[in-house]
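Peer 1: Once you've had a glance at the structure underneath, I'll fire off some questions.
The values are calculated or read from the model by the stated rules, or taken from the named source; none is laboratory data. Given the structure is predicted, the values throughout are model-derived calculations rather than measurements. Positions of Cβ are generated from backbone atoms using ideal geometry, with glycine treated the same way; all protein chains shown enter the neighbour counts.
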Amino acid sequence: MSAEAIERGEPSGERDGVGDGGITYVSYGGEHPLPLVMSLVDEELSEPYSIFTYRYFVYLWPQLTFLAFDPKDGKCVGTVVCKMGEHRGAFRGYIAMLVVLKPYRGRGIATELVKRSIQVMMESGCEEVTLEAEVTNKGALALYSRLGFIRAKRLYRYYLNGVDAFRLKLLFPRPDPGLHPMMLGNERDDQHMDSPYL
Ligand SMILES: CC(C)(COP(=O)(O)OP(=O)(O)OC[C@H]1O[C@@H](n2cnc3c(N)ncnc32)[C@H](O)[C@@H]1OP(=O)(O)O)[C@@H](O)C(=O)NCCC(=O)NCCS
């Protein structure tokens, strides 16, 4: 799919398309939309991520990054950025960033973005999905709770702003042994093992 088409919010494949509410969802398609992802996340999340962090995620797992566009004006209004890999003998998905612009919130856009990435994780053989959220982030905690995530752990002063995090976890049924997981690297086993900084 061309960069211009991505900017216009046109569907690029079977994972893309128009969701409820007229929003168009597209999977990541190359270098061009990276500034879109970066500006959305920089605007709304407290953690300052470098371009290397963004590249790490979207270049290695482009199929796990989704963008939401308002087709009325082609504006990018939301994004989810994820990865997957081996952890303690299990194949695990990880949601690194999730943002929806304020005027577009409360319309199910974040839910749709997360569901799309989780679907790819499941199809790729993941057994579980994890993420961290600030303990004060009521909106995100409610959203993930509705999607079936449980609070697995509290991480003391996890964020640079000193706020604690909850590690949230979603468990899948055991994967089909016929599926071949796309594994990329091992992860360290400490409380920041999934930090986007690593
Ligand atoms: C969290 C965020 C992504 C939610 O986006 P959204 O598109 O509004 O979420 P949805 O419309 O899919 O919400 C689904 C459910 O989550 C819960 N929820 C979402 N935002 C909420 C809020 N501010 N307060 C309470 N519950 C909320 C609700 O249960 C909601 O369902 P409902 O509208 O039927 O009640 C958005 O507020 C955001 O970008 N926040 C800033 C960045 C951020 O905190 N990201 C998460 C980091 S872990």
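Peer 1: Limited to region 35-79, what total is found for residues that are free of Cβ contacts under 8 Å to residues at least 60 places away in the same chain, closer than 16 Å to LYS102 by Cβ and in a helix (DSSP H, G or I)?
Peer 2: Of the residues in that region, 5 qualify.
Peer 1: I've got another one for you. Cβ-Cβ distance below 7 Å, separation of 6 or more or different chains: which pairs start in region 96-113 with a residue that is in contact (Cβ under 8 Å) with a residue 60 or more places away in the chain and part of a helix (DSSP H, G or I) and end on one that is within 7 Å of the ligand (Cβ to nearest atom) and among the hydrophobic types (A, V, I, L, M, F, W, C)?
Peer 2: That search, which allows pairs on different chains as well, returns ILE109/VAL100; LEU113/LEU98.
Peer 1: Oh, and also: Can you tell me which residue within region 116-146, out of those that are of a type outside the set (Ser, Thr, Tyr) and exposed (fewer than 15 other Cβ atoms within 10 Å of the Cβ), is farthest from the ligand (Cβ to nearest atom)?
Peer 2: GLU123
Peer 1: Counting only residues that are within 9 Å of the chain's Cα centre (by Cα) and more than 7 Å from the ligand (Cβ to nearest atom), which one in region 98-115 is surrounded by the most Cβ atoms within 10 Å (Cβ to Cβ)?
Peer 2: LEU113
Peer 1: Could you check region 60-104 and list, in sequence order, the residues that are modelled with pLDDT under 95 and small (Gly, Ala, Ser)?
Peer 2: Within region 60-104, GLY74, GLY89, ALA90 meet the criteria.
Peer 1: Then there is this: Please enumerate the residues belonging to region 115-137 that are farther than 29 Å from VAL26 by Cβ and either without any contact (Cβ under 8 Å) to a residue 24 or more places away in the chain or in contact with an Asp or Glu (Cβ under 8 Å, 6 or more places away or on another chain) (or both).
Peer 2: Residue satisfying the conditions is VAL135 alone.
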